[in-house]
Structure formats: C-alpha cells, structure tokens
Amino acid sequence: MIIPENIINELINQAQQEAPNETCGYLLGITTPDGDIVTENYWMENIDHSPEHFSFAPKDQFAALKHARSKSLKILANWHSHPASPSRPSQEDLRLANDPTIRYAILSLHEGVHLNSFKILNGEVVDKEVHL
C-alpha cells in the first residue's frame, strides 16, 4: 500500500493533536495493477477517548462509507495511533481485526514517529509494510 507523504503528515498531525489519546480513521483510495494507493485520510472520532483503546463512532463509519462510495474509493485500511507504544498490533488489535480485505495501519509516537501497516488474518499478522 502506498501512502503519500502529505497523507502521512496528516496522520502525524492528527495523532499529535489527539495525544495522549489514540486517534483513528480510515485510509481511502484506489486499487491499481501496481497495488493500493491511499488518496485520503478519513478522520473518525475515537468515542473511547482513551490512550490505550479506540472505537469508531458508528455515525462516522457510515459517513466514511458513504463518502468513499460517492468518490468511487475503497476503504484500504483502518488506522489508529499508539501514543505511547510501538507501531505493532496489540493483542486487542489482533482480536478486533475482523476484515481480511483491508490493512491495519498503526502510527506510533513512541520513541520517534513510525507507521506500519499489517494484513491480519484470524488474529495473526501475515504481512507487514513499513511506511515511515
């Protein structure tokens, strides 16, 4: 999955503004013969307002899907921040990763800024991409 620098910067800014709580959203984009390309970050409210957990606001999920469809985009990834832990899925992240068709991206602000995305199947990481 290709995430352009301007979108990575949006994710960083969003994560820094929401810290110490986790922030979250969808990465929307297109699929090409060369792979997935992110074209938008769709911010969603973390209704848990927690530094260790996130839940999407259901109204935001519906709005994101409607927005993506209106622009002929796909949801390529679910993303969230880890303000104080590394860019890797927690046990809870693995347990809640229910959609095998998307990637799960985690932006860490812990010991520098790191962005990785993961393909998760049946609670196991089967692929990792480093984006920053």
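The values are calculated or read from the model by the stated rules, or taken from the named source; none is laboratory data. Source: prediction; values computed, not measured. Note that each Cβ is placed from the backbone with ideal geometry, even for glycine, and that neighbours are counted across all protein chains shown. The area values use the complete protein model at the heavy-atom level, side chains included, leaving out ligands, DNA and RNA. Shrake-Rupley method; radii C 1.70, N 1.55, O 1.52, S 1.80 Å.
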- Item | Members of the range 9-48 found to be in contact with a strand residue (DSSP E or B) (Cβ under 6 Å, 6 or more places away or on another chain) and among the aliphatic types (A, V, I, L, M), listed by number | Leu11, Ala15, Leu27, Leu28, Ile30, Ile37, Val38, Met44
- Message: I'm trying to understand the selection: among the residues of the range 68-100, which are open to solvent by less than 50 Å² (accessible area, probe 1.4 Å) and assigned to a helix (DSSP H, G or I)?
- Response: Ala68, Asp93, Leu94
- Matching residues, the range 101-132, being part of a loop (DSSP other than H, G, I, E, B) and touching a Pro at 6+ places or on another chain (Cβ under 7 Å): Leu109, His110
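Only one of Tyr104, Tyr42, Tyr26 is open to solvent by 40 Å² or more (accessible area, probe 1.4 Å) and under 13 Å from the mean Cα position of the chain (by Cα); which? Outline the logic, then answer.
Working: Tyr104 fails: open to solvent by 40 Å² or more (accessible area, probe 1.4 Å); Tyr26 fails: open to solvent by 40 Å² or more (accessible area, probe 1.4 Å).
Answer to the check: Tyr42.
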- Note on the structure: Of (1) surrounded by fewer than 16 Cβ atoms within 10 Å (Cβ to Cβ); (2) part of a loop (DSSP other than H, G, I, E, B); (3) touching a residue at least 60 places away in the same chain (Cβ under 8 Å), Asp48 fails just (3)
